[in-house]
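Every number here is computed from the coordinates shown, using simple stated rules; none is lab data. None of these values were measured; they are calculated from a predicted model. Cβ placement follows ideal geometry from the backbone for every residue including glycine, while neighbour counts extend to all protein chains displayed.
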Number of protein chains: 2
Amino acid sequence: MTISKGPQAFPRSEYLRRLAAVKSEMARRGVETLVVSFDRNMNYLAGYTARTAYVPQGLVVSMRQDEPTIILRLMDTYAAHYQTFLVREHVIGYPEALIGNAERDGYDAIIDFLQETGAASAGLGLELANLPPSAVDKFKARLPNINIADFSNVVTWIRTEKSDLEIAYMKEAAAITDAGIRRAAEVIRPGVWEADAAAEIVAALMRGTNGKHGTSVANFWMNTSPRIGASHFTWSEDVFREGSQINLEIAGVRHNYTVPISRTFSIGKPSERLRRVHEAQVNALDAALSVVSPGRTCHEVAEVIYGTLAKHGVEKESRCGYAIGIDWLESTASIRTGDMTQLKPNMTFHLHLGNWLDEDFGVMVSESIRVTESGVEVLTGTPRQLFEL
Amino acid sequence: MTISKGPQAFPRSEYLRRLAAVKSEMARRGVETLVVSFDRNMNYLAGYTARTAYVPQGLVVSMRQDEPTIILRLMDTYAAHYQTFLVREHVIGYPEALIGNAERDGYDAIIDFLQETGAASAGLGLELANLPPSAVDKFKARLPNINIADFSNVVTWIRTEKSDLEIAYMKEAAAITDAGIRRAAEVIRPGVWEADAAAEIVAALMRGTNGKHGTSVANFWMNTSPRIGASHFTWSEDVFREGSQINLEIAGVRHNYTVPISRTFSIGKPSERLRRVHEAQVNALDAALSVVSPGRTCHEVAEVIYGTLAKHGVEKESRCGYAIGIDWLESTASIRTGDMTQLKPNMTFHLHLGNWLDEDFGVMVSESIRVTESGVEVLTGTPRQLFEL
């Protein structure tokens, strides 16, 4: 039997709006057909979220057609029928014989499709940064007379300005993020295994809140003394101890829209150094929030943060945030010196005050924000504080 | 302050043994220096598990030196000091200015290192399949007189034969996998939200068992009616219902060693079709286990499975399994027709009987196995059955 369409995360009109923005870029760059291979961009343009990017796949956007065509491993086409807005004829499966096959793979199926439909005779866009070099070679060898334009990050840039529908999911995700921090404050205690506390926090993020479940498990960073100078560890095989510091960075997720937060926890009285750096960070975050508004640049926001930290005698080398949306990070605008991206309404960022000041010392506090028509909205409701447990 | 070394997953001798195998391949291929950029291979050769592969990074293996050199974003070097066996001088950080920089990035830092140490004058190995095309172009442009050899998948192939130390972690992971299935059988009930059950199962996998915690969260696949013809969904925003079928594929993890299992659950009496296909699959799995032994080929095992299924009138298009180890799948040997890889002791596989027979019908049962000196060992202890709840 054929599978029916399941509940859709967004109405068809939302996808068509996004596709119109992409097609406008295609027209500008003289591209008639675009192969989107970055899974987050496929998610954005078609609603496909199954985790199948470990095999070749692509979404073919044509100037000649309203709806794109998704090309997947055959066994994954059922997921696409169920969850994307695409009509059945626009979901194409390639056979299992192309899996683990050194000669012909899923990229050949995509190229076959381009050849059969004559789709790319007037310019082909590829997300080169998301293709293995061997695939790029195949496109060039098998489509020798076609002009290839690099579309790396073009769709990702279109994603930066969210629709109100996307913002609604991000607010639901933010409420889940808050629930995760609340749970963390309950379960982080001396003598508790880090893994057990992490399990409770992740479970809270999955269960969700307000009748809205978490829809996937995001990254989970938990760096406990003596690993608080590092930033990308998860839990260790140890227990929490009296006097330990915990740097926690978690995120709630709704339909892949991910809203991160960082908070620092201290079991017992925090050290003077921790208090001082944390206060500097909160002040810098407050100062940043007071300047975020449409027309300002990422650079200006970063300068306010670096300036405020400097007044407190705190240095920071790393950037102060990045665009967020589908699957945490968007590789587009950064809150950093020299990034002249202008803020626009419904851009969303993780403003991240992470200071890893020593190999064995670091402090974190952050907010996920939305740029509004006139200023800024913090998406989460968690207090901007150092948690003393 | 500098951070001390933390607990090591493996002794130095284990890493040197793995590196010796890699160097033997380098010698065979006339390569003096190898840049390992695939994060799972960096994990294998140095013990680095922090999740930082979203920025450029590499492990430089030189024929001239016992220990490799790891090159990371500066903020991630603390993690490397803490958790790898490398001496401090072999952990190199590149500055934050190379993050989100279109001109110069972390690959330039790696190339700088190669130039400064004159490391690659006699042949450079690159894992081309794991590098973006722009990085490959950089290596070629900045090292124009150097012979580049493609090392894609070479280290991954070396990983296929596990040491006894690796097998010990896989057995710990397998016990956690079993705990996950036990929890699933307790919490999957009509009226329970899929997300809530998934949270309980993931929490069980994180807490671990026998005093050994799960060390990270693996993929979690849960396909419930009517999505049981698909294979790569997670939980949905629905409740389980009387008569629902649940295809669950989960894995326990110890130090990134991942041991997956698939089981099918039926709430209430299973349909005749489900029973029949499941029985065929169990018979095929039993038949496969009876032939796995050193010297046999993946092809032979697959043929036994396809043959047994055919006797039951069940067709299967997809492969019947794949090599496993660090982070679930190793892209090397597959249990498929035509894969003439010879089985050797301590190779490990996920023998996966997944039959997605219709868009709305599929059944799963699997075992993670180790090839022994004389036959096979199933790593998990979960009964090979259809779970009726």
Across B:95-102, the residue-averaged tally of Cβ atoms belonging to other chains within 10 Å stands at 4
Among A:213-223, A:285-295, what's the highest-first ranking by average C-beta atoms within 10 angstrom per residue? A:213-223, A:285-295
In debye, nearest 20, what is the charge dipole magnitude of the protein assembly as shown about its Cα centre with +1 on Lys and Arg Cβ and -1 on Asp and Glu Cβ, if you could check? 300 debye
Suppose every Lys and Arg Cβ carries +1 and every Asp and Glu Cβ carries -1, with no other charges. What dipole size does chain A come out with about its Cα centre, to the nearest 20 debye? 660 debye
How far is the Cα center of the stretch B:66-108 from the Cα center of the stretch B:232-302, in Å? 41 Å
What list of ³J(HN,Hα) values in whole Hz, one per residue of the stretch B:218-231 in order, does the Karplus curve 6.51 cos²θ - 1.76 cosθ + 1.60 (θ = phi - 60°) give from phi, with Gly and Pro shown as x? 7, 3, 9, 10, 9, 10, 10, 3, x, 9, 7, x, 9, 10
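Taking neighbour Cβ counts within 10 Å as the exposure measure, how do A:M170, B:M26, A:M206 sort from fewest upward?
Fewest to most other Cβ atoms nearby, the residues stand as B:M26, A:M170, A:M206.
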Note the full-extension length gain between A:R241 and A:A53 as 0.36 nm times their separation in residues minus their Cα-Cα distance, in nm to one decimal. 63.6 nm
Quick one: with label points 7 Å out along Cα→Cβ, list the inter-copy distances for B:G118 in nm, shortest first? 6.0
Run through the other copies and list how far each one's label point is from that of B:S13, in nm with one decimal, shortest first; the point sits 7 Å from Cα along Cα-Cβ. 7.0
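Averaged across the residues of A:203-211, what count of C-beta atoms belonging to other chains lies within 10 Å of each residue's C-beta?
5
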Stokes-Einstein D in µm²/s, Kirkwood radius over Cα pairs - the stretch B:12-158 at 37 °C with 0.692 mPa s viscosity: 218 µm²/s
In debye, nearest 20: dipole of the stretch A:119-257 around its Cα centre with unit charges on the Cβ of K, R (+) and D, E (-)? 340 debye
Alpha-carbon centroids, the stretch A:22-51 and the stretch A:153-175: separation in whole Å: 16 Å
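For n ≥ 4 DSSP H runs only, could you compute -39500 (n - 2.57) per run for chain B, divide by its residues and tell me the 222 nm figure to the nearest 500?
-11000 deg cm²/dmol
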Test of understanding: ordering B:R275, B:R73 by Cβ neighbours within 10 Å, fewest first, what list do you get? B:R275, B:R73
For chain A, what are the DSSP H helices with axial Cα length of 15 Å or more and mean Kyte-Doolittle hydropathy of at least 0.5? A:194-207
Which cross-chain or sequence-distant (5 or more) residues have an amide H under 5 Å from the amide H of A:G123, H modelled 1.01 Å from N in plane? A:E32, A:N147
Between A:G362 and residues 5 or more places away or on another chain, which pairs have amide H atoms under 5 Å apart, with H built 1.01 Å from N, and which residues are they? A:G229, A:L357
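For peptide B:48-54, compute the average count of partner chain beta-carbon atoms within 10 Å of each residue's beta-carbon.
Neighbouring Cβ atoms belonging to other protein chains average 4 per residue here.
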Gain in length, A:Q8 to A:Q65, computed as 0.36 nm per residue apart minus the alpha-carbon separation, to one decimal in nm? 18.4 nm
Which distance in nm do the two modelled labels at A:L165 and A:Q385 give, with both placed 7 Å along the Cα-to-Cβ direction? 3.9 nm
Among A:Q57, A:Q281, A:Q65, the residue with the largest mean-square fluctuation in a Gaussian network model of chain A built from Cα contacts under 10 Å is A:Q65
Residues whose built amide H sits under 5 Å from the amide H of A:S262, excluding neighbours closer than 5 in sequence, are A:S366
How far, in nm to one decimal, is B:P383 from itself in the other copies if the label point is set 7 angstrom along Cα toward Cβ? Shortest first, please. 5.1
Return the sequence-ordered ³J(HN,Hα) values of the stretch A:327-339 in whole Hz as given by the Karplus equation 6.51 cos²θ - 1.76 cosθ + 1.60 applied to θ = phi - 60°, using x for Gly and Pro. 6, 6, 8, 9, 7, 10, 6, 10, 7, 8, 4, x, 8
Roughly how tilted is helix B:74-83, in degrees to the nearest 10 and between 0 and 90, from the longest Cα axis of chain B? 70 degrees
Exposure-ranked with fewest Cβ neighbours within 10 Å first, A:D108, A:D66 stand as A:D66, A:D108
